[in-house]
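The structure under discussion appears below in the form of structure tokens.
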Amino acid sequence: MKTILSVCLSLCCLIPTVQSQNQITGMVRDIADKPLPFATIVLFTAADTGLVRGTLSTEKGDFIFENIPAGNYFLQFSMLGFKETRSAAFALTEKPTRKEIGNTVLSESAAAIGEVQIVALRPFLEQKIDRTVVNVANSITSAGSNALEVLQRSPGVQINRQSKSISMSGKEGVLVMINGKITRVPADAIVQTLEGMNADNIDHIELIHTPPANFEAEGNAGIINIVLKNTGDEGLNGGYSAKVGYGRAEKYGTGVYFNFRKHRINLFGNYAFNFNLNPQVFTNYRGLQQGANFIETDTRSDRAYTPFGAQNAQLGLDFQVNKKTVIGVLGTFADTDWHMRAVNKGTNSQNGVVESRLYMPNAETNRSRSFAGNINLAHQFSKNQSLNVDVDFINFDIRNPSSYDVQNFDGAGTTIFQQELRIDKKTPIRVAVAKADYFFNIGEKFKLESGGKITFTRFDNDVRVDSRMPQQDWVVIPEYTALFHLNEDVIGAYSTASIKVDAKTDIKAGLRYEYTSTNLGSAEQPNLVDRKYGSWYPSLFVSRKITEIQNLNFSYSRRITRPQIRQLAPWLIFLDPSTLDGGNPAVQPSFTNALNVDYSVKSYHIGVSYSIENGPIRDVPIVDSLTNRQISKPINLNKSKVLGFSLSVPLQPFKWWQMQNNFYANDVNFDYNLEGKTFKSSNFTYGFSSTQTFTLPKHFSLEISGEYNAPNYWGILKWNATGALNVGLQKDFGEKWGKLRFNASDILLSTNWIGGVRQPAINLNVNSSFRFAERVFMLSWSNTFGNNKLKSARNRQTGAAEEMRRM
């Protein structure tokens, strides 16, 4: 690792700077031959493939471009109140040259200037020093969908709907943030929250592969930050949307966001409602060798009725106390309500002969509700010094009752056993956070940032399982009933330094320390988990501007993935009478060292990453060969190594046709121990996505997007390839009537999860499928209102920006 780090740093700092020392000079004047100060001069390639550099004329009307590489170019001149003018094309050679453009005369525009608007369509993908930005707001096929679907279309991101987990660049353990706030809730609740979030309220998504030290060290795969729309302009403004669609069943939703800013007051908020009825089918097969007999269990769950409703709301107020101090309050509310009625059927066979059958109707409810409150103080001591303080409180509650009517029959169809099960699961979570950040600029080339943070988490996991035989009373099953309490405190401090070495090189280095104290137990089993540990987390970013159109970025970070609370708690939940999911108090945190090197030319981008994770946490199915019972629970594998490659190629064949193409490839290697045996797995996986946007006459636009993900491992289970094809048509009715969009998504029904695991050495032979896919047709409409032409309000995040994930 040290060798790789040294080589990469050397490459970044020793990039040759030899290039043509060409200069371009000239003068901008009006028709009276007077100099025009502060005119805009932009240098383009002669093929008009992109902007190279821009500048302003001086008070004397002259301008200069320096260090321009060889090539063919032209200049574009513009100024408010004057007609835009272009120069003739000219060539610069490798031999250093001073190109004299001479005087360029701008004539006044005859049109009266009432209002000037500068409108630019942001590219779908933007590469920055420490993150990739996916601009969702401009995507036609994203309209009417939800945040989970939009995230799944982002380059290098995969959503496992079965395990309710998210991976990025081939690595699990992604931290999800919304408006800079970490969603510190159970992983399955994160997926539900994103599924209930209206995509029309999303502005852009940030993919942060190696977060700097000012971010909490949690999340070995990096951070995904979903930024919602908020105009932030003075006066009253905002937007609203509505959608209705149908797949295998109905879908609909609505959303609104607003901002009111006047003098010292800034009031802002948003609200979204989403409903989705998505029938599903799950299957699970396992084969087990018991001596001379081969035992097979095959189950199918038809989930015909699965209504899902979600609401998300945010309301905030900032007050400008004086020129240097701002106080703000922010409240965030989320409510998800998911119900399921299913019919589960199964067969148990021995040596190919059916010995028993299962018929098990069941009902399940998953209701979660959360509220987060924040108080923020921002103070500017001077031009170079500022302080930001946050205090947060998060209240999260989950109710998950379910019931089962278990009916067993022999091979001939005669009833041999009947039982009812009911499960009540309550999970209240409380989090308190205090955070302070101090910023200090020393001149123009050195910036220092330091801060501290303390997080208190209190969690209860109350599970009660009852059973009863026909005509009998309910009886508690002690094996599956328990009330566990968790107390976890995390104290962290960090410092980062940003240095501008020269005009082409920037370095940002940081160091973070975190101390964690975790205690999990119950009245019957106190101190089941009692851990105290601390660790250092360094990070480094180096950015090198090779030429005006070429950039090289290097980054390194060390991060931790703490077990989620649901992974630690020793709970069990039935998928069928012999197939269960559960937790594991023995699971330990994992640590990851990650490197990234990114090279970009104009808007083209190539990235290479490498990471080593010690003790990765993965869900693994374990089959008891005596009882034929399958339990899936998290365990620590030994080590994971991921070598990743990404490529982003935006193209514009014609002015009316734009395309964004993304490709990724990951070489993933695991080694792990199961039942005393050592295993290794290696998997090369790849995928690509493409978005084609066509500008049509009469304000119509057509967008076609697709993606493909090759077979991949999640833990030790290998899943088949997935993909999607989506088509969207948009009609823009202008500022008054907004935009109308019609989408067809997952046209090929190719997003189902189908896979399994084959390990005969430990009698592990499992096949599973999770069929969520449906062809959805959606009609959506969005519009904006109010004043959107004045100054912006401040942009801030809360102290709990990194807290709402691990429960």
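The values are calculated or read from the model by the stated rules, or taken from the named source; none is laboratory data. Predicted model only: the values in this text are computed from it and were never measured. Neighbour counts run over all protein chains shown; Cβ positions are idealised from the backbone, glycine included. Calculation scope for accessible area: heavy atoms of the full protein, side chains included, ligands and nucleic acids excluded. Shrake-Rupley method; radii C 1.70, N 1.55, O 1.52, S 1.80 Å.
Over the stretch 473-515, accessible surface divided per residue gives 51 Å², non-protein components excluded, 1.4 Å probe. A simple spin-label model places the labels of Thr93 and Leu56 3.7 nm from each other, with each point 7 Å out along Cα-to-Cβ. Accessible-area rank, largest first, for Ser382, Ser356: Ser382, Ser356, with all protein chains present and a 1.4 angstrom probe.
Treating r as the C-beta distance of Gln418 and Arg369 and R0 as 35 Å, the FRET efficiency rounds to 0.50. With 0.36 nm allotted per residue and the present C-alpha distance subtracted, the Leu317-Ser495 stretch has 61.1 nm of extension available. Coupling constants for the stretch 296-302 follow from the phi torsions by the Karplus curve (6.51 cos²θ - 1.76 cosθ + 1.60, θ = phi - 60°), and in residue order they are 10, 10, 10, 10, 9, 10, 8 Hz; glycine and proline get x.
Within the assembled protein chains, the solvent-accessible surface assigned to Thr695 is about 80 Å², based on a 1.4 Å probe. Normalised by the number of residues in the stretch 634-683, the mean separation of alpha-carbon contacts (under 8 Å, six or more apart) gives a relative contact order of 37 percent. Taking all protein chains as shown and a probe of 1.4 angstrom, Glu84 keeps an accessible surface of around 120 Å². With a 1.4 Å probe and all protein chains left in place, how much of the accessible area of the stretch 459-510 comes from carbon and sulfur atoms, in whole percent? Reported share for carbon and sulfur atoms: 56 percent. Here the label points at Lys262 and Ile64, each 7 Å from Cα along the C-beta direction, are separated by 5.1 nm in the simple model.
Of all aspartates and glutamates in the structure, the ones whose alpha carbon falls short of 16 Å from that of Lys262, not counting any fewer than 8 places away in one chain, are Asp233, Glu234, Asp318.
Given a 1.4 Å probe and the protein chains as shown, Asp302 ends up with an accessible area of around 50 Å². Once the Cα-Cα distance is subtracted from the 0.36 nm per residue extended length, the Asp397 to Thr784 segment shows a gain of 135.9 nm.
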